[in-house]
Amino acid sequence: MVAKLVELVREAAAQARLVARGYPSGCSADALPWSVIKRFDDDVRGHVERDPRIEDGRDQVLIAAVNLAEAAPGEEAEAPERERLVKAINDLEWVTLSRGIANRAAAASGYGEAGARLRDGATRA
């Protein structure tokens with residue numbers, strides 16, 4: 001059962017959304033992309049099989065975070081970029097849960113059997 005890994009994906013996405021919604025108070029523009037993706041990289045990325053769709057989703061989060069960091073200061077300029085970042089985070093969460101496969105590192109950590117699909121351990125919230 002990969003329920004723990006599914007939980008880690010959801011927690012990483014929730015943390016990323018908090019950072020995105022809290023910017024600019026929480027970190028510098030240079031640090032924003034890495035702050036947003038940190039939990040995903042630390043807790044999830046090394047526990048799922050490499051998949052180009054997941055990697056593309058991760059890249060989209062980083063790009064959206066850079067765009068938010070580079071947006072002109074002010075609510076009007078930042079709002080669309082913040083929405084794009086939250087959408088990219090949501091998309092990364094979805095693709096990881098729907099396409100992700102636990103790897104050997106996940107199995108060694110007790111997150112389920114290697115080869116198990118994350119969607120099999122996901123329940124609707």
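The values are calculated or read from the model by the stated rules, or taken from the named source; none is laboratory data. Owing to the predicted nature of the structure, the values given are computational and were not obtained by experimental measurement. Cβ coordinates were reconstructed from backbone atoms using ideal geometry, including for glycine residues, and neighbour counts include every protein chain displayed. Calculation scope for accessible area: heavy atoms of the full protein, side chains included, ligands and nucleic acids excluded. Shrake-Rupley method; radii C 1.70, N 1.55, O 1.52, S 1.80 Å.
Kindly establish whether Gly57 is without any contact (Cβ under 8 Å) to a residue 60 or more places away in the chain and open to solvent by 30 Å² or more (accessible area, probe 1.4 Å). Against the criterion (without any contact (Cβ under 8 Å) to a residue 60 or more places away in the chain and open to solvent by 30 Å² or more (accessible area, probe 1.4 Å)), Gly57 does not qualify.
Could you check region 36-76 and list, in sequence order, the residues that are touching a strand residue (DSSP E or B) at 6+ places or on another chain (Cβ under 7 Å) and assigned to a loop (DSSP other than H, G, I, E, B)? Even if it seems obvious, please write down each step before you answer.
First, pick out the residues of region 36-76 that are touching a strand residue (DSSP E or B) at 6+ places or on another chain (Cβ under 7 Å): 47-49, 54.
Answer for region 36-76, where residues must be touching a strand residue (DSSP E or B) at 6+ places or on another chain (Cβ under 7 Å) and assigned to a loop (DSSP other than H, G, I, E, B): just Glu49.
The C-beta contact set for region 65-76 (first residue under 24 Å from Asp91 (Cα atoms) and among the aliphatic types (A, V, I, L, M), second residue at pLDDT 85 or above and open to solvent by 20 Å² or more (accessible area, probe 1.4 Å), distance under 6 angstrom, 6+ apart or interchain) comprises Leu68/Glu81; Leu68/Arg82; Ala71/Glu81.
Could you count how many residues in region 104-125 are surrounded by fewer than 20 Cβ atoms within 10 Å (Cβ to Cβ) and either on the phi < 0 side of the Ramachandran plot or touching a Leu at 6+ places or on another chain (Cβ under 6 Å) (or both)? If you could, list the steps in order and put the result at the bottom.
First pass over region 104-125, keeping only residues surrounded by fewer than 20 Cβ atoms within 10 Å (Cβ to Cβ): 104-105, 107-110, 113-117, 119-120, 122-125.
Checking which are either on the phi < 0 side of the Ramachandran plot or touching a Leu at 6+ places or on another chain (Cβ under 6 Å) (or both) leaves us with 104-105, 107-109, 113-114, 116-117, 119-120, 122-125.
Going through region 104-125 one residue at a time, the tally reaches 15.
If you go through region 27-49 and keep only what is without any contact (Cβ under 8 Å) to a residue 24 or more places away in the chain, under 18 Å from Val86 (Cβ atoms) and among the charged types (D, E, K, R), you end up with just Lys38.
Here is a yes/no grid of residues against (1) closer than 22 Å to Ala122 by Cα; (2) of a type in the set (Lys, Arg):
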| site | (1), (2) |
| --- | --- |
| Leu8 | yes, no |
| Pro33 | no, no |
| Arg39 | yes, yes |
| Arg53 | yes, yes |
| Ala64 | no, no |
| Val86 | yes, no |
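For Ile101, the conditions (1) of a type in the set (A, V, I, L, M); (2) under 24 Å from Leu18 (Cα atoms); (3) touching a Leu at 6+ places or on another chain (Cβ under 8 Å); (4) open to solvent by 20 Å² or more (accessible area, probe 1.4 Å) are fulfilled apart from (2).
Checking each residue in region 33-52 for being of a type in the set (D, E, K, R), surrounded by 13 or more Cβ atoms within 10 Å (Cβ to Cβ) and farther than 15 Å from Ala14 by Cα picks out Arg45, Glu49, Asp51. Mind listing just one residue for me: the one in region 67-97 that is modelled with pLDDT of 95 or more and of a type in the set (S, T, N, Q) and, of those, surrounded by the most Cβ atoms within 10 Å (Cβ to Cβ)? The selected residue is Thr96.
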